[in-house]
1. Net charge within 11 Å of Arg128 by Cβ-Cβ distance, Lys/Arg positive one each and Asp/Glu negative one each, not counting Arg128 itself?
2. Between Lys131 and Asp145, what is the label-to-label distance in nm when each label sits 7 Å out along the Cα-to-Cβ direction?
3. For Thr118 and Asp63 in one chain, what is 0.36 nm times their gap in residues minus the Cα-Cα distance, to one decimal in nm?
4. Amide H neighbours of Met148 under 5 Å, counting only residues 5+ apart in sequence or on other chains, H built in-plane at 1.01 Å?
5. Count neighbours as other Cβ atoms within 10 Å of each site's Cβ, and list the GluC sites (Glu not before Pro) in segment 51-159 that are DSSP loop with at most 12 such neighbours.
6. What do you get for trypsin sites (Lys or Arg not before Pro) in segment 64-159 restricted to DSSP loop and a cutoff of at most 12 other Cβ within 10 Å of the site's Cβ?
7. Suppose each label sits 7 Å from its Cα in the direction of the beta carbon; what would the Glu74-Ala45 distance come out to in nanometres?
Amino acid sequence: MNREIRTIQQLAAVLLTGLVLFVAGCSGGLIQDSETVHQSIGPQALFNVVWQVEDIDRGGIVDSSHITMQMSSEGRIAGSTGCNQYFGTLTLGQTAFEVNGAGSTRRACAPAIMQQETRFLQALQDARRYKMDGDFVRLYDESGDERMRMIRTNEEPAS
C-alpha cells in the first residue's frame, strides 16, 4: 500500500514538473526581464494613444503646460508643444525611434513656454530609441541619455 502511494506521488511529481516546463515553454520567455517584455509588445502599443510629456532632459516641464504626442502605424507623429502644434514622420522598430521632417505652427506664447517648446522639439529630434515601462514611454538619444518621459493618458486620439 505504501509502495503504491509512493508510486502515485512520484508520478504526480513527474506530471507536475512536465506541466511546469510545458507552460514555461509556451510563454515564449515573456517573463524573463523588462527588455524581453518590452520587445514582445512592440511599437503597436504606442499607436492610438495620447502620450503626455512629464519630463524633458530630466528638467521637468512648466507647470500646467500640456505637451502631447500621438504616433500612428502609418509613420506619422503629431501633437502639442504646449503652445504650437507639431507634426512629422516617424520611423519605429522594436526599440528604434526617429522623427524626420518635423514642423510646427508658429504661434507666439509666453517666453517660458517658448523655451520649453524649443527643448521639447530638440529632444524629439535627438531621440533614437524608446522603451516602454507600463504606462510610460521614455525616449533616449544615441548616447543613451534619457531625453523625454511620457505617460499614457485617457484622452481620445485625434483622427
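Since every read-out is calculated from the coordinates, none of them should be taken as a lab result. Please read these numbers as outputs of a predicted model, since none were measured by experiment. Glycine also receives a Cβ, built like all others from the backbone with ideal geometry; neighbour counts cover every protein chain displayed.
1. -3
2. Computed distance between label sites Lys131 and Asp145 equals 1.7 nm.
3. 18.2 nm
4. Asp57, Leu139
5. Filter output for segment 51-159: Glu74, Glu142.
6. Answer by residue number: Arg106, Arg107.
7. Label at Glu74, label at Ala45, 2.5 nm between them.
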